[in-house]
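Below: one structure, written as structure tokens.
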Amino acid sequence: MALKTVALLHPGEMGAAIGACLRGRGLRVVWASAGRSAATRSRADAAGLEDLGALERALRVADIVLSVCPPHGALALAREVAGHGFKGVYVDANAISPATVRNIGRVLEAAEATLVDGGVIGPPPVPGVSSRIYLSGRRARDIASVFADSNLEAIPLEGAAGAASALKACYAAWTKGATALLAAIRALATHEGVEAALLEEWKRSQPELPKRSEVVTVQARKAWRWIGEMEEIAASFDAAGLPGGFHLAAADLYRRLEGFKDGTTAPALAEVTAAFRRGAPRRKAASGARRRSSAPPAQEETIPARFKFGTAAIKRDAAKRLRSLKRS
């Protein structure tokens, strides 16, 4: 079957850029504006995407669904698409764990759709920027061909669905995990009054670290998106018999930066480290989700059928998602 029409769900910064890549390849790229923000509509318009209004209308014409959303909504979005009877190729390009990918695969298989797992590495693929999407699953090569000669290099992997997300998790475990760790170290050094001495020692023995430790200021406005990603990475480590606490701590740090969400200017490092030290409100469910339970696995809790963006949705769903991932 020819793959000619893509339903893009939903055009954030990354999704809109990928949609523009596909438009440049001559594909029809549609989306559903119902319930989406003015900012999302503006991005979609700039990328030349075709608005069909309702999700069911977009799915009706689509050969491919491309899911690009914050990690906390990936499974709910797949369920919503499956509930509309979509039977084409579903590309999940979200920063999720292999276990979540397998859950999504079961949902789609029951609906007679085909899952291709995707992991995007790099910034939004605009001209002059090098970005890649790794793909795994039965139709990975078919989807890779859709991106040929675009700004997003598609690299099919030999593994089953889950391999691409595993690679993405390993990559982001270092890049985004290290960003959080280095910024937290600066916060500690400031608190103890040794920041100047630490920076001098870094200049002598680790000359790349002073600049690297300030990267968080540029990323602070979108740190809220990385909370779920760090939790998914923690679950991946845990499933492999490795400690996931490194990235649960990174999730906590990024949660403390939610106040910078969608800011127009980068905060100073002092503002970031102050936000780290102020902390986030303690939530019983979230802390309880960090402990491994000795009780028998419970039935999977119901995830809302309708995916919603934003920090409130992240906070509401974080504990449920972590419990579900640990049982997978």
Q: Return yes when ALA58 is assigned to a helix (DSSP H, G or I) and either under 20 Å from PRO123 (Cα atoms) or open to solvent by 30 Å² or more (accessible area, probe 1.4 Å) (or both) and no when it is not.
A: no
Q) ALA44 fails exactly one of the following numbered conditions: (1) closer than 26 Å to ALA163 by Cα; (2) in a helix (DSSP H, G or I). What is the number of that condition? A) (1)
Q) Looking only at residues in the range 61-85 that are of a type in the set (A, V, I, L, M, F, W, C) and open to solvent by 10 Å² or more (accessible area, probe 1.4 Å), which one is farthest from ALA166 (Cα to Cα)? A) VAL61
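Does the range 92-112 contain any residue that is among the acidic types (Asp, Glu), assigned to a helix (DSSP H, G or I), open to solvent by 10 Å² or more (accessible area, probe 1.4 Å) and at pLDDT 95 or above? If you could, list the steps in order and put the result at the bottom.
To start, the set of residues in the range 92-112 that are among the acidic types (Asp, Glu) comprises 92, 109, 112.
Okay, now just the ones that are also assigned to a helix (DSSP H, G or I), so 109.
Those left that are additionally open to solvent by 10 Å² or more (accessible area, probe 1.4 Å): 109.
Still in the list and also at pLDDT 95 or above: 109.
Yes: the range 92-112 contains one or more residues that are among the acidic types (Asp, Glu), assigned to a helix (DSSP H, G or I), open to solvent by 10 Å² or more (accessible area, probe 1.4 Å) and at pLDDT 95 or above.
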Q | Failed criterion for VAL272 (all others in (1) β-branched (Val, Ile, Thr); (2) open to solvent by 50 Å² or more (accessible area, probe 1.4 Å); (3) under 18 Å from THR190 (Cβ atoms) hold) | A | (2)
Q | Criterion: within 17 Å of GLU232 (Cα to Cα) and charged (D, E, K, R) - qualifying residue of ARG102, ARG25 | A | ARG102
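Mind checking which residues of the range 210-249 are in a loop (DSSP other than H, G, I, E, B) and open to solvent by 50 Å² or more (accessible area, probe 1.4 Å)? If you could, list the steps in order and put the result at the bottom.
Quick first cut of the range 210-249, residues in a loop (DSSP other than H, G, I, E, B) only: 213-214, 240-244.
Those that are in a loop (DSSP other than H, G, I, E, B) and open to solvent by 50 Å² or more (accessible area, probe 1.4 Å): GLU214, ALA240, GLY241, LEU242, PRO243.
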Q.
Exactly one condition in (1) buried (at least 17 other Cβ atoms within 10 Å of the Cβ); (2) under 15 Å from ILE64 (Cα atoms) is false for SER33; which is it?
A. (2)
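Do we find a residue being β-branched (Val, Ile, Thr), at pLDDT 95 or above and part of a helix (DSSP H, G or I) anywhere in the range 6-22?
Filtering the range 6-22 for residues β-branched (Val, Ile, Thr) gives 6, 18.
Right, trim to at pLDDT 95 or above and you get 6, 18.
With the extra rule that they be part of a helix (DSSP H, G or I), the set shrinks to 18.
Looking through the range 6-22, at least one residue is β-branched (Val, Ile, Thr), at pLDDT 95 or above and part of a helix (DSSP H, G or I).
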Q | Single unsatisfied condition, THR5 versus (1) surrounded by fewer than 20 Cβ atoms within 10 Å (Cβ to Cβ); (2) within 11 Å of LEU55 (Cα to Cα) | A | (2)
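The values are calculated or read from the model by the stated rules, or taken from the named source; none is laboratory data. What you see is a predicted model; the values in this text were computed from it and never measured. Every residue, glycine among them, receives a Cβ derived from its backbone with ideal geometry; neighbour counts consider all protein chains shown. Surface areas here come from the heavy atoms of the whole protein model, side chains and all, with no ligands, DNA or RNA. Shrake-Rupley method; radii C 1.70, N 1.55, O 1.52, S 1.80 Å.
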